[in-house]
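Engineer: Sharing a structure below in structure tokens format, with a few things to ask.
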Amino acid sequence: MKLTIDHSSPIPLYVQIEAQLRKIIQSPDYKKGKKFPNEVDLSKKLGISRSTLRQAINKLVFEGLLIRKKGIGTVVSDTAIISKARNWLSFSQEMKALGIEVKNYALRVRWVKPTEELSRFFNIPKDTKILKLERLRGKPEHPFVYFISYFNPRIGLTGNEDFSQPLYDILEKKYHTIVKLSKEEVSAIVADRTLAAKLDITVGDPLLRRKRFVYDPGNRPIEWNVGYYRADSFVYTIESER
């Protein structure tokens, strides 16, 4: 690993290191799991404190780009897809921003009666049918997320839309429905038989469940969505400022 430090630069040392590490970890060797040098040795070689080096590395660990493994060391995470809570994006927008090609493995559309929870959320009678959209999506190598979405009937969806296209583009361009706000709940669960089969994992494997409640500019509910993500393929980070 070749790093250079300019001690006379006004740019903080940890920022210089972080920027170089971001480029280095994109190399094929590190993508294949090559270990990082020992932090003590690397800090001595650069002539900086270990705490300065760790400050740079911790940022990349927080973002899910690096993983610290006990007894092994620090390695590059080549599978993690990172989603940040700040500046909400749709799934398609998130993947496009990350340069990830999305593959649609399965798609199912049908009309169903709402549960009590959905009826309250959309403020509709329990006997009013709503559109249910199920999508299994992922990278070309394998699926990593199973989405279930329900939509407010006031939108006017018919069920004949091409849902392989970006969902919110369809809502805005065809139905003049603009999504503005997303409220989310994130929790950890284990895969049951159905989810394990869909996501090509083992029953009992960890999953990230991400519920999303979507509203228009008038704070009217548009979509109720839940996504089940493979834990080995997704990192959810929260960035806050004080």
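Engineer: Provide, for q = 0.09, 0.10, 0.14, 0.16 Å⁻¹, the log10 of I(q)/I(0) from a solvent-free Debye sum over equal Cα point scatterers in the chain.
Structural biologist: Computed log10 I(q)/I(0) values: -0.50, -0.60, -0.98, -1.17.
Engineer: May I ask you to order 157-165, 125-133 by the average number of other C-beta atoms within 10 Å around their residues, highest value first?
Structural biologist: 125-133, 157-165
Engineer: Straight-line reach from LYS34: which lysines fall under 25 Å, measuring Cα to Cα and dropping same-chain residues less than 8 apart?
Structural biologist: By straight Cα distance, LYS34 reaches LYS2, LYS23, LYS44, LYS45, LYS59, LYS69, LYS70, LYS139.
Engineer: Still on this structure, please answer the following. Using a Gaussian network model of the chain whose springs link C-alpha atoms within less than 10 Å, name the residue from PRO217, PRO143, PRO206 with the highest mean-square fluctuation.
Structural biologist: PRO217
Engineer: Could you pull the Rg and Dmax for the stretch 90-194, using just the Cα atoms, both in Å?
Structural biologist: Using the Cα atoms of the stretch 90-194, the pair Rg, Dmax is 14.9, 42 Å.
Engineer: Same structure, new question: Please find, in a Gaussian network model of the chain (springs between Cα atoms separated by less than 10 Å), the residue of VAL226, VAL102, VAL145 whose mean-square fluctuation is greatest.
Structural biologist: VAL102
Engineer: Quick one: if you stick a label point 7 Å off each Cα along the C-beta vector at ASN38 and LYS174, how many nm between them?
Structural biologist: 6.1 nm
Engineer: Multiplying the sequence separation of THR128 and ASP232 by 0.36 nm and subtracting their Cα-Cα distance, what value in nm do you get?
Structural biologist: The THR128-ASP232 span can extend by a further 33.6 nm.
Engineer: Highest first, please rank the peptides 40-47, 228-235 by the mean number of other Cβ atoms sitting within 10 Å of their residues.
Structural biologist: Highest-to-lowest ranking by the protection proxy: 228-235, 40-47.
Engineer: Just from its helices, what would the mean residue ellipticity at 222 nm be for the chain, if runs of 4 or more DSSP H residues each count -39500 (n - 2.57) and the sum is divided by every residue, rounded to the nearest 500 deg cm²/dmol?
Structural biologist: Mean residue ellipticity at 222 nm (helix-derived): -7500 deg cm²/dmol.
Engineer: Determine the percent antiparallel among the DSSP beta bridges restricted to the chain, to the nearest 5.
Structural biologist: In the chain, approximately 90 percent of DSSP beta bridges are antiparallel ones.
Engineer: Counting only residues 5 or more places away or on other chains, whose amide H sits under 5 Å from the amide H of THR177 once H atoms are built in the peptide plane?
Structural biologist: GLU172
Engineer: Still on this structure, please answer the following. Take VAL15 and ASP205, extend 7 Å from each Cα along the Cα→Cβ direction, and tell me the distance between the two endpoints in nm.
Structural biologist: The modelled label-to-label distance comes out at 4.1 nm.
Engineer: Between GLU185 and TYR215, 0.36 nm times their residue separation minus their Cα-Cα distance comes to what?
Structural biologist: 9.3 nm
Engineer: Please find the FRET efficiency linking PHE121 to LYS45, where r is the Cβ-Cβ separation and R0 is fixed at 51 Å, and quote it to the nearest 0.05.
Structural biologist: The calculated FRET efficiency here is 0.35.
We did not get these values from a lab; they are worked out from the coordinates using the rules stated. Keep in mind that this is a model prediction, so the values were computed, not measured. No Cβ is skipped: glycine too gets one built from the backbone with ideal geometry, and neighbour counts run over all protein chains shown.
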